[in-house]
Amino acid sequence: MAKVEDYVSGKILEDAETTLRAIKAVELSLIGSYVGKKLLEKIEKFEPMQITVDEASGLIKNARNVAVGQRVCFALHNRDFAESVFLDELAEGLVNAGKARYTNKEDAINALRRYSEYNPIIASKVSGKYMEICCSSPRDCVYWNMEKKGLRCLRKHETSR
């Protein structure tokens with residue numbers, strides 16, 4: 001299971017970079033392959049779920065602490081800055097590490113709205129709880145790159161179907 005400490009220490013960046021390299025290095029189908037199975041095992045711990053802005057708003061409104069910071073995929077690819085929303089313990093850990101800043105709930109929701117027109121929102125579990133919300137970049141996102149290779153890892157929330 002991914003933990004808050006993995007985000008705070010930067011290990012999550014290393015893991016994401018390694019996973020993206022593996023996905024892009026393989027020319028053949030990953031479906032049913034050893035590499036494909038290992039990649040899916042790694043990603044399953046996040047239980048990534050595509051959600052709507054309204055569903056993301058619900059997670060944010062129920063959180064104790066809210067912070068925004070740079071998306072993992074953009075940090076890897078040196079793309080333009082775009083914000084992810086971090087909740088509760090993940091927000092605290094990333095703020096304490098200088099990797100995010102606290103914000104109020106309405107500003108966090110507005111940050112997601114700003115990017116969600118072109119970028120699907122993904123919620124990921126950290127330490128067993130949905131605490132990372134990202135307007136993902138299908139070009140750069142580990143989850144979307146796995147999907148492109150046929151490795152189905154993204155669930156849709158029941159109300160998103």
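Before moving on, here are some points about what is shown:
- Qualifying residues in the range 41-53 (those that are acidic (Asp, Glu) and in contact (Cβ under 8 Å) with a residue 60 or more places away in the chain) - the one surrounded by the most Cβ atoms within 10 Å (Cβ to Cβ): 47
- Matching option when the condition is closer than 16 Å to residue 133 by Cβ and either polar (S, T, N, Q) or surrounded by 15 or more Cβ atoms within 10 Å (Cβ to Cβ) (or both), among 69, 36: 69
- Any strands (runs of 3 or more DSSP E) falling wholly within the range 93-156 and containing at least 1 residues that are within 15 Å of the chain's Cα centre (by Cα), closer than 11 Å to residue 67 by Cα and not hydrophobic (A, V, I, L, M, F, W, C): 129-135
- Lone unmet requirement of (1) within 20 Å of residue 102 (Cβ to Cβ); (2) assigned to a helix (DSSP H, G or I); (3) among the aliphatic types (A, V, I, L, M) for residue 68: (2)
- Per-region count, the range 1-32, residues outside any helix (DSSP H, G or I), of a type in the set (A, V, I, L, M, F, W, C) and touching a strand residue (DSSP E or B) at 6+ places or on another chain (Cβ under 9 Å): 2
Each reported figure results from applying straightforward, stated rules to the coordinates on display, with no laboratory input. A quick note: this is a predicted structure, and the numbers were derived from the prediction, not measured. Glycine also receives a Cβ, built like all others from the backbone with ideal geometry; neighbour counts cover every protein chain displayed.
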